[in-house]
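Read through the structure below, which is laid out as structure tokens, and then see the notes.
The values are calculated or read from the model by the stated rules, or taken from the named source; none is laboratory data. Computed from a predicted model, the values in this text were never measured in an experiment. In this analysis, Cβ positions are derived from the backbone assuming ideal geometry, glycine residues included, and neighbour counts consider all displayed protein chains. We work out accessible area using only protein heavy atoms, side chains counted, and drop any ligands, DNA or RNA first. Shrake-Rupley method; radii C 1.70, N 1.55, O 1.52, S 1.80 Å.
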Amino acid sequence: MRTVTPKKELNYLRILFFTFGLGIMSWIPRFPEVKEALKLTNGGFGSLISTGALGSLISLLTVGYVVHKIGVKRVLYVASFFLMATLIILTTVDSSLIFFFANIAFGAAISAFHISINAQGFNYQDRTGKFIITQMSGVWGAGALLTALISGFLVDRVSLHLHVGVLTVVIFLIQTVVIKSLAPELLKANQDIDVDYKIKELFSGFSFDRMVSFGLICAIFLEFALGDWAAIYTKEEIGIKSGFNTLPYILFTVWMIFGRFTVHYLVPRFSLERLAVHASLLAGSSFLGSVFLARSVFANNQDMAFLVICIGFSLAGLGSSFLGPTFMAAANTRSKHPASVVIGHIGVANIVLAFILKWIVAWTAQATSLTIGLIIPAVLLLTVPFFAKALKSV
């Protein structure tokens, strides 16, 4: 039987993580166009976008079980196809109803792909002893960064549906080839012979690790919020024209990638618990300070306001970079379940909390301003130190 060397397997995993970020984030910098096509207010658009959480919830409750039962390969093939198909629909329709159902399917496909590749990543870690999950998150971020750069360049040059359509088809073909090549090492059905899950145990066996779940959502919700609102914020609140309005999000992503690829240099000198405390305080305070200065001190100076936002977003990306992957690693270490099931369990709690928080941000922005709405994820980051002791197990 054909085998894949650990080095090749790691490179294939990098490709999957990279193309995953490249694909699912491709339309986010162009959200102003999507919102305009749907003819929605900030509150309505934010609420409609958050419906993807419904699909994610269904997927997170079931895909961990499915991966354990049938293996990673088939789940990856199906998820990759639906990521392509639904994203094409989302960027071509002007009907809120069609968008609603496509967005639910898109959320389900994202979570299915996420569970599968992270389960494979944890399996690789266990077999080789190499801590790669944070690095893989950095690779995912590199894909998100590249797609933000592409999107910023293509705004007002290439239509949204052509841009996303061509990109997602190419990504689907690449992922299909990689999944086939990686097949010999992909997790097979019932890999853990000591655990045999039955369908009823999806709910009876569900576990909720409060320290990890609350710490995780507080750590990563700024990334979620900026994914939804960064381009709209800089365009509507700061007044930056299309193309340049993606720069703060790009900087946020660049520094997030840098942090994920370099944090391992600090681990021998400082514990992850201590690093998480200081990093979350840096990220939250920097972001809060930048939006406050842009809104008040430099309200009449667009260039200075934009510069301050760019600096604040950069520091927020650096500070929050490794927090999410580290809490995920803590969840896997603290649980007795297989990695695919752990990712599903922690994801359910995360998606429910994110769904609630996204609605709060959207309607706070609608009732007041987007600046006020974005204060919420920054404040959540400042609470991460209360949950950092969960990282002692990593």
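Observations, loosely collected:
- Criterion violated by Asp94 - all others in (1) part of a helix (DSSP H, G or I); (2) more than 23 Å from Ala144 (Cα to Cα) satisfied: (1)
- Qualifying positions in region 130-155 - open to solvent by less than 20 Å² (accessible area, probe 1.4 Å) and part of a loop (DSSP other than H, G, I, E, B): Ile132, Val155
- Options Leu288, Leu247, Leu272, Leu266; residue that is assigned by the TED database to the domain that holds Gly215 and either modelled with pLDDT of 90 or more or of a type in the set (Ser, Thr, Tyr) (or both): Leu288
- Options Ala349, Ala339, Ala330: the member that is modelled with pLDDT under 85, surrounded by fewer than 24 Cβ atoms within 10 Å (Cβ to Cβ) and either within 17 Å of Gly227 (Cβ to Cβ) or hydrophobic (A, V, I, L, M, F, W, C) (or both): Ala349
- Test result for Arg210, at pLDDT below 90, farther than 17 Å from Ala316 by Cα and under 21 Å from the mean Cα position of the chain (by Cα): yes
- Of the residues making up region 285-299, those that are of a type in the set (S, T, N, Q) and either outside any helix (DSSP H, G or I) or surrounded by fewer than 23 Cβ atoms within 10 Å (Cβ to Cβ) (or both) are Ser285, Ser286, Ser296.
- Neighbours by Cβ (under 7 Å, 6+ apart or cross-chain): first from region 1-21, farther than 21 Å from Gly129 by Cα; second at pLDDT 95 or above and in a helix (DSSP H, G or I): Thr19/Ile171; Thr19/Ile174; Thr19/Gln175
- Cβ-Cβ distances below 9 Å connect the following pairs, each with a first residue in region 250-266 that is farther than 19 Å from Tyr233 by Cα, a second residue that is open to solvent by 50 Å² or more (accessible area, probe 1.4 Å) and aromatic (Phe, Trp, Tyr), and a separation of six or more residues or different chains: His264/Phe131.
- Flag for Val75 being touching a Ser or Thr at 6+ places or on another chain (Cβ under 9 Å) and modelled with pLDDT under 85: no
- When region 239-283 is filtered for residues that are in contact with a helix residue (DSSP H, G or I) (Cβ under 8 Å, 6 or more places away or on another chain), β-branched (Val, Ile, Thr) and within 22 Å of Phe131 (Cα to Cα), the ones remaining, listed by number, are Thr253, Val254, Ile257, Val263, Val267, Val277.
- Residue in region 267-284 that is in contact with an Asp or Glu (Cβ under 8 Å, 6 or more places away or on another chain), open to solvent by less than 20 Å² (accessible area, probe 1.4 Å) and not in a loop (DSSP other than H, G, I, E, B) present: no
- Remark: Ser26 falls outside the filter, which requires a residue to be touching a Leu at 6+ places or on another chain (Cβ under 7 Å), surrounded by fewer than 21 Cβ atoms within 10 Å (Cβ to Cβ) and small (Gly, Ala, Ser).
- Among (1) within 20 Å of the chain's Cα centre (by Cα); (2) open to solvent by 60 Å² or more (accessible area, probe 1.4 Å), the one test that Ile311 misses: (1)
- Index of the failed condition, Val158 passing every other in (1) in a helix (DSSP H, G or I); (2) open to solvent by 20 Å² or more (accessible area, probe 1.4 Å); (3) more than 30 Å from His345 (Cβ to Cβ): (1)
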